[in-house]
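Each reported figure results from applying straightforward, stated rules to the coordinates on display, with no laboratory input. Predicted, not measured: the structure shown is a model, and the values here were computed from it. Here Cβ is always computed from backbone atoms with ideal geometry, including for glycine, and neighbour counts include all displayed protein chains.
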Amino acid sequence: MLTITIDGKQISTPKGTTILEAAKKAGIEIPTLCHHKDIFPPEVQKSGGCRICMVKDVATDKMIPSCAEPVTDGMRIISSNKKIKQARRNILESILENHLIDCDHCLRQKKCELMTLAKEFGLDHITSTSVKRLVEKMDISSEGINRDPQKCILCGRCVRVCSETQTADILSFKYDGFPNQVTPPFSDEVSPQYERQLKDTACVECGQCVTVCPTGALTEKSHEERVWEALKDPNKHVVAQTAPAIRVSIGEEFGIAPGGVSTGQMVASLKNLGFNKVFDTNFTADLTILEEGHEFIDRVGKGENLPMFTSCSPGWIKFMEYNYPEYLDNLSTCKSPQQMFGALAKSYYAKKAGIDPKDIFSVSLMPCTAKKFEASRPEMSQSGIQDVDAVLTTREFARMVKKANIDFKGLEEQEFDNPLGVSTGAAAIFGTTGGVMEAALRTAVEVITGKELGGIEFQQVRGYEGIKEATLQVGELEVKVAVCHGLSNARKLLEMIKNGDAFYHFVEVMSCPGGCIGGGGQPLPATKEKRQARMDAIYEVDKNLPLRKSHENPAVQELYKEFLGEPLGKMSHDLLHTEYTE
Ligand code: HC1
């Protein structure tokens, strides 16, 4: 252990800790804009880019960036004095003058770290309507993410999360002597004026860059307007589906502590907004397990296309299409629960309710920005009309509730509509890393062995570890499974498989850290602690449901009886499965 003294306070800390971390541990807050403690691996958390966190090293009498400097034994630091405050103020002033201040129209609003700091330093009177640097125009080319270079403060968090946590490498600094822009790489390859857009890159639209951006430079592409219009249109029958991870995070937007479960209020707020029916993506998560479970059993029987990879995380699908196309045949052919729901809403439900599918406007509420891209894929409209018409992230949904002046916390809880609102605990756990695998095992083991499972909780695939592995004896077969989250872990796992260093029968991959609970559309700020609280809440939801295995869902059983026939049958093939090509 090393000893450091900050503002006269002695602190013991392990080697490798930065001054900023040591100060935090001792309850001394140092402001910063470029540091983000949850970008992994930990080495890249040390940025030193914005210099707001400057402190004084007493021994050298020099100012040093506390987020980048590791503690040395006996170090003495002054975290704040008049001179340090003035230096921070000067830096902040220059950042503000190079940032388009457009708070009334900015999606970040009260969650902007720059404006919070500006207020703290008494600089919130600065109103820059243009930036001094020469920057590119706004990039609205992607389906899920907008990028506004005029609001970028060059902190580099997005560059680090994209290259390190996700290994996608889509954003980089562009230099004009010194870093003056963050853009997709090689933007000036064609000519100095050439502006490469997100659509020209291998961006998977996971939105992790959005979750770490301290300002509104990176945001979700909002579908709020198109949903308001549908709600106002008397000829539209507007239905909602809500993702497993939304119910454990939406409350945060209304002052409920992370980990609170707000299913009833979530349903009630959607009804208050004017949705004709409020259904649940969890219903089709159960359906996915029936289809995917049978697909897995079929593949193991034939020894074909193993390992089978889950296919519900659209960022992961895109990542594979761009980086590992040789494994596309290994993906499950199941559409994601979002898209299975979309297909059923405009077929099964339309028929049952006697509504022309063209009059149904289908909205999904997702923790994810990549789901916007998924809904727009040509593979997702086999009926000739788009299966999902709009995708709202948790943040957009919260904005709509606030705009409508709905008192979310005070709402009386309401229930989902039937039949697409019935689900089990297995579906609930889809929202966290390991959940799809555990749900699949709960069904596959019983189908294969014909015996009821004793314990249904598969602890081996739970938790925050980047890559989890388990070997299970299922009847005669020893089944090897793996679970990973965050695309850097997916890359590691795929390389192991490719090099013959690992073999699995079944692999679950979720693009975002923690799975959907850590999605790019979730409430901000994004921290590991919040993700953990949401994860715990997901398992609570599962525990409290009367049915916890997908094949026991009575509404899914009825769907097969009335409409689909059997898992992997012709109707399922047409509506619920697809194939991805490079
Ligand atoms: Fe997910 Fe899924 S769990 S992908 O993480 O399979 O977004 O929540 O809705 O489709 O069910 C997201 C969450 C979500 C799908 C399901």
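One table, with the values for the structure above:
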read-out	value
From the C-alpha gyration tensor of the range 98-220, square roots of 5λ in Å	24, 17, 13
Tilt relative to the chain, helix 314-323 - C-alpha long axis, 0 to 90 degrees, to 10	80
The chain: angle of helix 263-273 to the longest principal axis, Cα-based, in degrees nearest 10	90
For the range 292-426: span of alpha carbons on each principal axis (Å, largest first)	54, 34, 32
Per principal axis, descending, Cα span of the chain in whole Å	77, 57, 53
Within-13-Å neighbourhood charge of D298 [Cβ basis; K, R +1; D, E -1]	-3
Local net charge near L2, Cβ-Cβ under 10 Å (Lys/Arg +1, Asp/Glu -1)	0
Estimated D of the range 2-86 in µm² per second, where Rh is the Kirkwood radius over Cα pairs and Stokes-Einstein applies at 25 °C, 0.890 mPa s	193
Helix axis angle, 435-449 relative to the chain longest principal axis, alpha carbon, degrees	30
Two-decimal log10 I(q)/I(0) for the range 233-283, as the Debye equation yields it once each C-alpha is a single scatterer, q = 0.14 Å⁻¹	-0.38
Taking all pairs of distinct alpha-carbon atoms in the range 277-323, Kirkwood radius in angstrom	12.5
Where a label projected 7 Å from the Cα of S80 along Cα→Cβ would reach, residues of the range 92-114 with amide N under 17 Å	92-93, 114
Nearest-0.05 FRET efficiency for I140 and N90, computed from C-beta distance (R0 30 Å)	0.30
Counted charge near L524, where neighbours are those whose Cβ lies closer than 13 Å (Asp, Glu -1; Lys, Arg +1)	+2
Where only alpha carbons of the range 420-514 are counted, the Rg and the Dmax (Å)	13.8, 43
Neighbour-limited loop hits for chymotrypsin sites (Phe, Trp or Tyr not before Pro), the range 473-544 (at most 12 other Cβ within 10 Å; DSSP other than H, G, I, E, B)	F503
In nm, spacing of pseudo-spin labels at I355 and E413 (7 Å Cα→C-beta vector)	2.6
Rough spin-label spacing in nm, given labels placed 7 Å along Cα→Cβ, for L477 and D298	1.3
Translational D in µm²/s for the range 338-417 (Stokes-Einstein at 4 °C, 1.567 mPa s, Kirkwood Rh from C-alpha pairs)	92
Normalised per residue, the volume of the convex hull around the Cα set of the range 155-270 (Å³)	167
With 5 Å bins from 0: P(r) over the range 428-582, alpha-carbon pairs, percent	2, 8, 14, 17, 18, 18, 14, 6, 2, 0
